[in-house]
């Protein structure tokens, strides 16, 4: 490797993740997912010790709006994974969509009565999609 190549590669990887670092959003999403997992693991009902609240979903919507102002989404088919950041975020989005489908199945089976779980996962997948495009543009 030539001098400077490593730092250039590192800079390319940091592009999409700078949004997380600047706003502390990575830690907030992790906390949200811990709460969400705890809610899924606990008995349902309004008295459950862990519940997803609407402000978590609203926060994601706010981040999506900020990202779309900085990097508008293209009006064409997007080939995912244009760079390492985009590929990682697109993979994460795929995993979140799978979790979203499973929570829909749980709700239909009567195992989950709180719609905010589905709403949060839906918006998280949209956030990851938008963040991937941001990472591809800024990376």
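Nothing in this text is a laboratory measurement; each read-out follows from the coordinates by a stated rule. Just so it is clear, the model here is predicted, and its values are computed rather than measured.
Below, the figures for the structure above:
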| item | result |
| --- | --- |
| Whole-number D in µm² s⁻¹ for the stretch 61-121, Kirkwood Cα-pair radius fed into Stokes-Einstein, 37 °C, 0.692 mPa s | 239 |
| Gain on full stretching of the segment that runs from residue 95 to residue 50 - 0.36 nm per residue minus C-alpha separation | 14.0 nm |
| Extension reserve of the residue 107-residue 71 stretch, reckoned as 0.36 nm per residue once the Cα distance is removed | 9.5 nm |
| Cα-based radius of gyration of the stretch 20-139 once divided by 2.2 N^0.38 Å, which approximates compact folds | 1.12 |
| Cα-based radius of gyration of the stretch 96-136 once divided by 2.2 N^0.38 Å, which approximates compact folds | 1.34 |
